[in-house]
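Before any comments, here is the structure.
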Amino acid sequence: MKLMITNTLERKKVPFEPIDPSRVRMYVCGPTVYDYAHVGNARPAVVFDVVARLLRRLYGDAQVTHVANITDIDDKINARARESGRSIGEITDETAAAYRADMDAIGVNKPNEEPRATHHIDQMIAMAERLIELGHAYAADGHVLFNVPSMPDYGELSRRDRDEMVAGARVEVAPYKRDPADFVIWKPSDAETPGWESPWGRGRPGWHIECSAMAEAYLGEVFDIHGGGLDLIFPHHENEIAQSRCAHGTERMANYWMHNGFVTVEGEKMSKSLGNFYTVHDLLEEWPGEVIRFLLLSAHYRAPLDFSQAGLRESKAQLDRLYEALDLTRDVPTVSEKSSLPNLEDAMVSVDTPSSDYIAEALCDDLNTPLAISRLHYLVSRLNTAQAEDKPRIKASLLQGAELLGLLRSTPDQWFRGETEGISPIEIERLLGDRAKAREAKNFAEADRIRDVLKNEGIEIKDSPEGPTWKRA
RNA sequence: GGCCCGAUGGCAGAGUGGUUAUGCAGAGGACUGCAAAUCCUUGUACGUCGGUUCGAUUCCGGCUCGGGCCUCCA
């Protein structure tokens, strides 16, 4: 089983070879913290969470370093602070905490590091100075600018021709730029704007330098995987590459670049002006976090994903099927499956004796999460039809496979009968007791009446040889 | 204008040069006092026009339609 990844640098699917198998390093661009995370922020978080889970499975938990930054210095944050009269620290601390809570709710493991931009200003200034020394950047008018012509192969990631880019540029070129394509590394701050002392006066970092500096700080000069949304390819990632490679004199910043596709909402581009964006925070009012996560994983990560109410309902229905199988096997113990992990090279992947490797194999093909989910369903079918002696093994495979996707984290009890608003379990049990008496007396009209009463409360009753059970629909 | 994606059955969504996933929804059946769940069976697909091929939904080209980036954006 070999991990294949579509590398944006090459525009094709290639085998993944870490620089150092004992230390697999991944950097993912995280959110700018000025407002609740929306589903467009959640998609890369979930996608790269699965990448991290898979890497940990393949190379060992301790061998993987997953870094996802928190951008807490940005002009959007400054604007928000001015509008609300609140301090920047207050806004970013609160939003970062809300982000972490939302990510927990949708099953995103905490990365090894979640560095904050404001904690790495010194590193950014140091990198800017180094770039100036090496002739790749210059100070002008309180700014530090990266000089794009100083890098002959600038544009390799986005495959952009610099001259065409400049010709088609819609923005006016600032007078202090030597070249129209030059971009800001450091810019001056006025008295009302947050700033730090620097060799070029009081100022703040440009957009791209934080990632270059923090990636260097936590992962070194060249690392394995750099991820983020498709829209970051240009200019953000292109400019990160320019800064890091020129500062370090390396051929690569990261060997593999992975980019997830966009999220649309009800078929339309999600935008603040249309007001059609879903925040994770709001969605969690109505849906279990796992439903949100499932929907985000139901399409391949590079394909566009339409986030819709219909999709949420579908995701809930599919998860119900998976949990139903766990509910039916609640008394079946799980046995730890035989596996050659973490050495997957020789792992047997067989339809006849499915193991969680069957799920891992699907993910190894450029993170084919829809295929992995279909294999979860296959394991469920196998579990539902298996002989009793085979169930423990299959159940274990299902749970371990689901864990790679960060799914099936609840118990069936929590999933179907968890505490929510509405009728209490005690009341439900009382009505079920009444119904049992009615059934015993063959008073089926009364039994059905009670079923209807519960149904109106959103409770489904299921009779079984061991007695009735119930769940919230 | 430049660059880059995509077009699969009612819906979602994989995949493949020949035997046509998976789930939801639909139909029939088994089981059940009824129901639910489960199991069995089942229907409807590969935008369009050409090319390559013994054979293309799958490879190549044109076209149409849709989307993204080029400016803050996950």
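The values are calculated or read from the model by the stated rules, or taken from the named source; none is laboratory data. Note that the structure is a prediction, hence the values are computed from the model and not measured. A quick note on method: Cβ atoms are made from the backbone with ideal geometry, for glycine too, and the neighbour counts reach across all protein chains shown. Accessible surface areas use protein heavy atoms only, side chains included; no ligands, DNA or RNA. Shrake-Rupley method; radii C 1.70, N 1.55, O 1.52, S 1.80 Å.
Every test in (1) under 19 Å from A:N7 (Cβ atoms); (2) away from RNA strand B (no atom under 15 Å from the Cβ); (3) within 15 Å of the chain's Cα centre (by Cα); (4) not hydrophobic (A, V, I, L, M, F, W, C) is passed by A:N260 save one, and that test is (2). Every test in (1) under 19 Å from A:I292 (Cα atoms); (2) without any contact (Cβ under 8 Å) to a residue 12 or more places away in the chain is passed by A:K442 save one, and that test is (1). Scanning region A:193-236 for residues that are of a type outside the set (V, I, T) and within 16 Å of RNA strand B (Cβ to nearest atom) yields a count of 21.
Within region A:282-294, identify whether any single residue is within 11 Å of RNA strand B (Cβ to nearest atom) and in a helix (DSSP H, G or I), and answer yes or no. Within region A:282-294 (the criterion being within 11 Å of RNA strand B (Cβ to nearest atom) and in a helix (DSSP H, G or I)), the answer is yes, since at least one residue qualifies. A single entry from A:N276, A:N255, A:N239 fulfils the requirement of being away from RNA strand B (no atom under 15 Å from the Cβ) and not small (G, A, S): A:N255. Annotation note: Cβ proximity below 6 Å between a residue of region A:356-381 that is in the same structural domain as A:L297 (by TED's automatic domain parsing) and a residue that is among the basic types (K, R) and near RNA strand B (Cβ under 10 Å from one of its atoms) (sequence gap 6+ or interchain) occurs for A:Y358/A:R375; A:I359/A:R375; A:A362/A:R375; A:D366/A:K13.
Answer yes or no: is there a residue in region A:405-416 that is in contact with a helix residue (DSSP H, G or I) (Cβ under 6 Å, 6 or more places away or on another chain), open to solvent by less than 70 Å² (accessible area, probe 1.4 Å) and farther than 30 Å from A:V50 by Cβ. There is no residue in region A:405-416 that is in contact with a helix residue (DSSP H, G or I) (Cβ under 6 Å, 6 or more places away or on another chain), open to solvent by less than 70 Å² (accessible area, probe 1.4 Å) and farther than 30 Å from A:V50 by Cβ.
Quick one: in region A:119-141, of everything that is of a type in the set (G, A, S) and in contact with a Phe, Trp or Tyr (Cβ under 6 Å, 6 or more places away or on another chain), which residue is nearest to A:G89 (Cα to Cα)? If we take residues in region A:119-141 being of a type in the set (G, A, S) and in contact with a Phe, Trp or Tyr (Cβ under 6 Å, 6 or more places away or on another chain), then A:A128 is nearest to A:G89 (Cα to Cα). Residues that are within 23 Å of A:T6 (Cα to Cα), among the hydroxyl-bearing types (S, T, Y), open to solvent by 10 Å² or more (accessible area, probe 1.4 Å) and within 8 Å of RNA strand B (Cβ to nearest atom) are absent from region A:377-388. The residue list A:S315, A:S298 contains one member that is at pLDDT 90 or above and under 28 Å from A:K13 (Cα atoms), which is A:S298. Scanning region A:227-269 for residues that are at pLDDT below 90 and polar (S, T, N, Q) returns a single hit, A:T264.
Scanning region A:302-314 for residues that are near RNA strand B (Cβ under 8 Å from one of its atoms) and surrounded by 15 or more Cβ atoms within 10 Å (Cβ to Cβ), which turns out farthest from A:L232 (Cα to Cα)? Looking at the filtered set, the residue picked out is A:E314. In region A:1-111, counting only helices (runs of 4 or more DSSP H) that sit wholly within it, the ones holding 1 or more residues that are surrounded by 22 or more Cβ atoms within 10 Å (Cβ to Cβ) span A:39-59, A:88-105. Evaluate region A:457-464: report whether one residue or more is modelled with pLDDT under 85, more than 9 Å from RNA strand B (Cβ to nearest atom) and open to solvent by 70 Å² or more (accessible area, probe 1.4 Å). Yes.
Among the residues making up region A:176-223, a single one is among the β-branched types (V, I, T) and in a helix (DSSP H, G or I): A:I209.
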